[in-house]
Amino acid sequence: MMKKSIWKKAVAVGAAAAMTISVGGSLVWAEGGDKKTINIFTLYSESNSDAGAAYFREALAEAQEAFPDYELVHETADVETYKTKIKAMVAADEVPDIFFAWGAGFVKPFVDAGKVMALDEYMDEETNSRLLAGANDEFLFDGKTYGLTSYKWIGALYCNTELFEKYEVKIPETYEELMTACKTFREAGLNPMVVGMKDKWPGQQYLNEFTVQLAGSEETNKMASKETSFDNEYLAKAAQLTKDLVDAGAFNDGALGLTRDESEAAFLQGEVPMNFTGSWFSELTSGENSKVDGKVTAVRFPVVEECKDVNNFFGGAINGLCVAADCEYPEETAEVCKFLAEHSAIADGGLVTWEVPEEAKASVHSLNQEIIEFSKDAAGYSLAWDTLLEAADAQEWLNLVAQLFGGEVESGEAFAKTLQDTIG
C-alpha cells in the first residue's frame, strides 16, 4: 500500500503563509479574488503503475491546498502517447505551463527551441541547499537549469525467493550464475525473466547495464553523447552478452508481443523468477494485484567477469518537471513546479534528489532499502539511452534493440557496427 504523506498539513499551512503580500517582493498570488489557472501535463495518470506516479499525485493534491488561489489543471497520458503529444504541443507552441520531461537528449530540442524556461533566477539559496549534488545535471544546458527532478532510479534484479528456494537455485551474483539460473528455470518449464519488447525500451536495460559494467559510467555516457564511436568493444560485448541470454531462452516466450506491464504481470503473479528493471518497480511488488509481496529480494544485477567498477550503476536522475518559457505567470508557476518536485520526493523518501525529513525515510519500501544498501558506494551512473539520445536517434536505437531480441542481429559486433552506421 502506498504510504500517505505525514507532511501534508504542515506543508499546506507553511506554503499558504508564504503567499501573503509583503513589501519585500513576495508573490501576489491572486488579483481580484479570481483563481488563475496553471496547466500541468504529465504521464502520472491513475493507471500509471509506477510508484513515482502515485507520489506525484499526492504532491499535486498538497499543492492545490498550498496554492488555493490557483487552479492546477492536470492532464495525463500513457507513456508512449505522452512522448508523441508533448512533442506535438511544443512544435505547435502549445506548451503546458508545467510539464514532465526526461532530461538530456529528450528535453534538449525543447530547450534549443526556446520553449522551456530557465529556473535559476527562481531558485534561492535555501531551495538549492535542499537539492542533492547532481540532482538536475541532465537538465543543465549552457550552465542553466531547465528542469527539476524528484528522485533517481537504479537498475535492480528482482528475484522471487520462493521460486529460487523451490527449484534450489542460487540467486545470481555473476553473469555465469545468471545464465545457470536461467537454464535451470527453463528446464523446469518456467520463463526465467520477463521483458516486454512490444514497448522496446525494457530490452535496452540489459545492453545499458552491461555497457556500464564493461566500460564504466563515464565512458558509457560519452558514447551516448556521441563523443566516441558506438562501434567499440564494450558495446559489442554488451550486445553479445544480451544476445546470449536471448539465445539461451532466458526471457519470457512471446516477449516481442508483450508490453512492459503485460510481461511484468507474470512476475507479480509469482509465475516468473526474475525481473530486471528500475527501482520504480519495488512498490508494485506490494500492490493489490501482486501475489509476491514479501517474497521478493532486490539485488545488484549480476556482474560480468570484465566489470570495470562494481560501483558504477545503470540509473540516475532523469525524470523531471519543466516550465514553459511563455507561461503567463512565470514566478508563480516556478513556485508550483518547485513545490511539486520537492514534495514528490518527500512522499517517496527513498532514492530521492532532495534532502527529506527523517520521518519520510522511515517508511521507504523494503526493496528500495535493499537497493539503497547495495548502491551506497556508487561512484557513477549512466541512464537509459532512449532518454540520453535525442528523439530520432533514440528510436533507431530502440528499433535495433528490438531486432536483437527478435533474433535478427547476427552478433554483438554487428550490433555495434550497425548502430554506428545508423546514428553515429
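Annotations
- Flag if Phe301 is open to solvent by less than 60 Å² (accessible area, probe 1.4 Å), farther than 26 Å from Glu62 by Cα and not acidic (Asp, Glu): yes
- Residues in the range 371-417 that are charged (D, E, K, R) and part of a loop (DSSP other than H, G, I, E, B): Lys376, Asp377, Glu390, Glu408, Glu410.
- Near pairs, Cβ below 8 angstrom, 6+ apart or cross-chain, from the range 366-379 (more than 11 Å from Arg300 (Cβ to Cβ)) to any residue that is of a type in the set (A, V, I, L, M): Leu367/Ala156; Leu367/Val296; Leu367/Ala298; Asn368/Ala298; Asn368/Leu351; Ile372/Leu351; Ile372/Val364
- The range 121-142, subset over 18 Å from Glu355 (Cβ atoms) and open to solvent by 60 Å² or more (accessible area, probe 1.4 Å), residue nearest to the chain's Cα centre (by Cα): Leu140
- Of all residues in the range 245-273, those that are in contact (Cβ under 8 Å) with a residue 40 or more places away in the chain have Cβ atoms under 6 Å from Cβ atoms of residues that are in a helix (DSSP H, G or I) and open to solvent by less than 30 Å² (accessible area, probe 1.4 Å), 6 or more apart or on another chain, in Val246/Phe405; Ala248/Cys182; Ala250/Cys182; Asn252/Ser263; Arg260/Pro202; Val272/Ala266; Pro273/Leu163; Pro273/Phe185.
- Qualifying residues in the range 346-378 (those that are over 25 Å from Trp201 (Cα atoms) and among the aliphatic types (A, V, I, L, M)) - the one most open to solvent (accessible area, probe 1.4 Å): Ala362
- Hey, Gly147 in contact with a Cys (Cβ under 9 Å, 6 or more places away or on another chain) and either surrounded by 23 or more Cβ atoms within 10 Å (Cβ to Cβ) or modelled with pLDDT under 95 (or both) or not: yes
- All of Thr174, Thr184 fail the test of being of a type outside the set (Asp, Glu) and within 12 Å of Pro273 (Cα to Cα), apart from Thr184.
- Only one of the listed residues (Glu283, Glu305, Glu335, Glu331) is of a type outside the set (A, V, I, L, M, F, W, C) and touching a His at 6+ places or on another chain (Cβ under 7 Å). That residue is Glu283.
The values are calculated or read from the model by the stated rules, or taken from the named source; none is laboratory data. All values reported here derive from a predicted model rather than from experimental measurement. Neighbour counts are summed over all protein chains in view; Cβ atoms, including those assigned to glycine, are modelled from backbone coordinates with ideal geometry. Heads up: the accessible areas ignore ligands, DNA and RNA and are worked out on the full protein's heavy atoms, side chains in. Shrake-Rupley method; radii C 1.70, N 1.55, O 1.52, S 1.80 Å.
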